[in-house]
Amino acid sequence: MARFRATMHPDLQRAHDGLGAATAGLDAASLAAGPAGKWTVAQIVEHLAKGYAGTAHVLGRCLDQDQPKARAVTVKDRVLTFVVVDLGYLPEGRLAPEATRPSDAPPPDIVERALAALGDLDAVAARAEARFGARMPLLNHPIIGPLGVDRWRRFHWVHTRHHLKQIANRLGR
């Protein structure tokens, strides 16, 4: 597990605080809440945890190998990044990438794992920013394309915010 910094980057802090508040005090029944055919609260949290951990893992590989993993940025990538990251619009109904799909039965400590994964992501992102800068595209998002550390942080906040709305809906809030 990566070492935690004294303070998180503001975008990741918002994700951490929002997820922590949305899931505070939830029991097993609340975590299992969800309409038929849709993800439960626990599955949404597991999906987020897998996304945080996956980004941290590949950023770590960039650092270990001292090279970015991103392909060249296209015009389509710039448009998608603008819509999702800059405007904060994440459309509904898109299938999650396979690597971030939740299991049928997420572990009971999934909230703690997700919050810890955010801390790990923050620490690795800070190291990657120190090494490569905030804007250099380092790795590819499977849908919106190559992103630098600054865009990855913002993406994870936008993505988390999107799912916080779903969690609130599942819990009738």
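The values are calculated or read from the model by the stated rules, or taken from the named source; none is laboratory data. Since we're looking at a predicted model, the values are computed, not measured. Virtual Cβ from ideal backbone geometry, glycine too; neighbours counted across all protein chains shown.
Tabulated values for the structure
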quantity: Number of the condition not met by P102 [criteria: (1) in contact with an Asp or Glu (Cβ under 6 Å, 6 or more places away or on another chain); (2) assigned to a helix (DSSP H, G or I)]; calculated: (2)
quantity: Given (1) touching a strand residue (DSSP E or B) at 6+ places or on another chain (Cβ under 7 Å); (2) more than 26 Å from R127 (Cα to Cα); (3) among the aliphatic types (A, V, I, L, M), number of the condition A42 does not satisfy; calculated: (1)
quantity: Any hit, segment 90-109, residues being in contact with a strand residue (DSSP E or B) (Cβ under 8 Å, 6 or more places away or on another chain) and either loosely packed, with under 14 Cβ neighbours inside 10 Å or modelled with pLDDT of 95 or more (or both); calculated: no
quantity: Condition check for V84: in a loop (DSSP other than H, G, I, E, B) and either surrounded by 14 or more Cβ atoms within 10 Å (Cβ to Cβ) or of a type in the set (D, E, K, R) (or both); calculated: no
quantity: Hey, L115 more than 22 Å from Q13 (Cβ to Cβ) and in a helix (DSSP H, G or I) or not; calculated: no
quantity: Qualifying residue in segment 120-128 (condition: at pLDDT 95 or above, buried (at least 18 other Cβ atoms within 10 Å of the Cβ) and assigned to a loop (DSSP other than H, G, I, E, B)); calculated: no
quantity: In segment 16-25, the residues that are part of a loop (DSSP other than H, G, I, E, B) and either more than 16 Å from K165 (Cα to Cα) or polar (S, T, N, Q) (or both); calculated: G25
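Each row is one residue, and each column tells you yes or no for (1) without any contact (Cβ under 8 Å) to a residue 24 or more places away in the chain; (2) in a helix (DSSP H, G or I); (3) crowded, with 17+ Cβ neighbours inside 10 Å.
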{"site": "I44", "(1), (2), (3)": "no, yes, yes"}
{"site": "G51", "(1), (2), (3)": "no, yes, yes"}
{"site": "D64", "(1), (2), (3)": "yes, yes, no"}
{"site": "K69", "(1), (2), (3)": "no, no, no"}
{"site": "V73", "(1), (2), (3)": "no, no, no"}
{"site": "K76", "(1), (2), (3)": "no, yes, no"}
